[in-house]
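Q: Structure incoming, see below.
The numbers here are math on the coordinates, done by the rules we state, and not lab data. Fair warning: this is a prediction, and the values are worked out from it, not measured in the lab. Quick reminder, even Gly has a Cβ in these numbers, built from the backbone with ideal geometry, and neighbours come from all protein chains shown.
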Amino acid sequence: MKVVVLTGAGISAESGIQTFRDADGLWEGHDVMDVATPEGFERQPDLVYRFYNDRRRGLAAVEPNDAHRALYRLEEALGQDFLLVTQNVDDLHDRQGHERLLHMHGQLYQARTESGRILDWREDMDATSRCPQTGETLRPHIVWFGETPLYMDEIDRAVRACEIFCAIGTSGVVYPAAGLSDLAWRNSAETVEINPRPTGGPFQRVIEGSATKAVPLWVDEVLETLG
Ligand code: APR
């Protein structure tokens, strides 16, 4: 059984990380164009470094929840037939030990040089931060608006081939991630959404509920069908 799961900010909400577009969302108080575009970074690099430094520091204070754990159980059972695609830049999925995990929007714990070298980076970052190998300046390894998400070919292939596609905790307004559900639907997968506020996207099955309650139950169900 080939399964692709797409997660968004909602899966980490109950761990204490703010979503982007809910009432008290992360963007509140920040103009997206200032903190999540290459132009914003060019205009006010210090503001952007600070914004991601705060987010990165915040990760030390949060823990994965039952939904993150349940998805790891699914990977353990399915192995190569499983792929977890996350839009999240936190490391809560990573802490489970996934081998089949792609961060399509980058990661807070990584930095990137102008020449495209990716580094693990857990400290604060600013205009004086340098790549220890090349001496280049660094930016957060985060995919901003107007930039191309990562691993799109691999994700596209897996979505076309999957039998179940499940979108968890994502508002479905940011493309190309939002288009993946539609791609799965058109390729005859069963499309499932788990969200306390269903989005009206292309899903055959909508499980209205919070991630920590609904994801473990859904995973149990999929595991039962495997026998
Ligand atoms: N369990 C499951 N879903 C939840 C929960 C919860 N406890 N709480 C909120 N949600 C849902 C909301 O109903 C909403 O549909 O999570 C979704 C969060 O939506 P967004 O804040 O838009 O987050 P996301 O879809 O991940 O955003 C996509 O936008 O700005 C960019 O790059 C950023 O990756 C991000 C992308």
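Q: Using the 10 angstrom Cβ neighbour count as an exposure proxy, how do Asp94, Asp220 rank, fewest first?
A: Lowest to highest Cβ neighbour count: Asp220, Asp94.
Q: To the nearest whole percent, what portion of all C-alpha pairs in segment 29-131 is separated by more than 25 angstrom?
A: Numbers: 1543 of 5253 pairs.
Roughly 29 percent, once rounded to a whole number.
Q: Please work out whether segment 111-202 counts as rounded, prolate or oblate from its C-alpha gyration tensor, where a ≥ b ≥ c are the square roots of the eigenvalues and a/c under 1.5 means rounded, while otherwise a/b larger than b/c means prolate and anything else oblate?
A: The shape class here is prolate.
Q: Compute the projected area of the convex hull of the Cα atoms of the chain, averaged over all viewing directions, and report it in nm² to one decimal place.
A: On the way: hull surface 48.5 nm².
The Cα convex hull of the chain, projected and averaged over all directions, gives 12.1 nm².
Q: If you don't mind, there's one more thing I want to ask. When the chain is treated as a GNM, springs tying every alpha-carbon pair under 10 Å, which of Val173, Val192, Val35 comes out with the largest mean-square fluctuation?
A: So, out of Val173, Val192, Val35, the one fluctuating most is Val173.
Q: Tell me, in nm to one decimal, what length is gained between Ser188 and Met152 on full extension, where the rule is 0.36 nm per residue of separation less the Cα-Cα distance?
A: On the way: separation 36, 0.36 × 36 = 12.96 nm, distance 1.98 nm.
Using 0.36 nm per residue and subtracting the Cα-Cα distance, I get 11.0 nm.
Q: Now a separate question. Taking the chain as a Gaussian network, where each spring joins two C-alpha atoms under 10 Å apart, which residue of Pro140, Pro176, Pro149 fluctuates the most?
A: Pro176
Q: Also, I was wondering about something else. I'd like the FRET efficiency for Val206 and Asp94, computed as 1/(1 + (r/R0)^6) with the beta carbon distance as r and R0 of 25 Å, rounded to 0.05.
A: 0.35
Q: Next up: How many angstrom separate the Cα center of segment 180-227 from the Cα center of segment 90-126?
A: 27 Å
Q: Under a 10 Å cutoff between Cα atoms, tell me which one of Asn187, Asn65, Asn195 has the largest fluctuation in the Gaussian network model of the chain.
A: Maximum among the listed residues: Asn187.
Q: For the residue pair Gln80 and Trp27, what label-to-label distance in nm results when each label sits 7 Å from Cα along the Cα-to-beta-carbon direction?
A: With each label placed 7 Å out from Cα toward Cβ, I get 4.0 nm.
Q: A follow-up question, please. Could you size up the charge dipole of the chain around its Cα centre, putting +1 on the beta carbon of Lys and Arg and -1 on that of Asp and Glu, and report it in debye to the nearest 20? Spell out each step's value before the answer.
A: Numbers: 22 positive and 37 negative charges, 35 e Å.
I would put it at about 160 debye.
Q: Just to confirm the filter: which chymotrypsin sites (Phe, Trp or Tyr not before Pro) across segment 90-195 are DSSP coil and have at most 15 other Cβ within 10 angstrom of their Cβ? Write out the running numbers ahead of the final one.
A: Details: sites: Tyr109, Trp121, Trp144, Phe145, Tyr151, Phe165, Trp185; in loops: Trp121, Trp144, Phe145, Tyr151.
Those that pass, being in a loop and sparsely packed, are Phe145, Tyr151.
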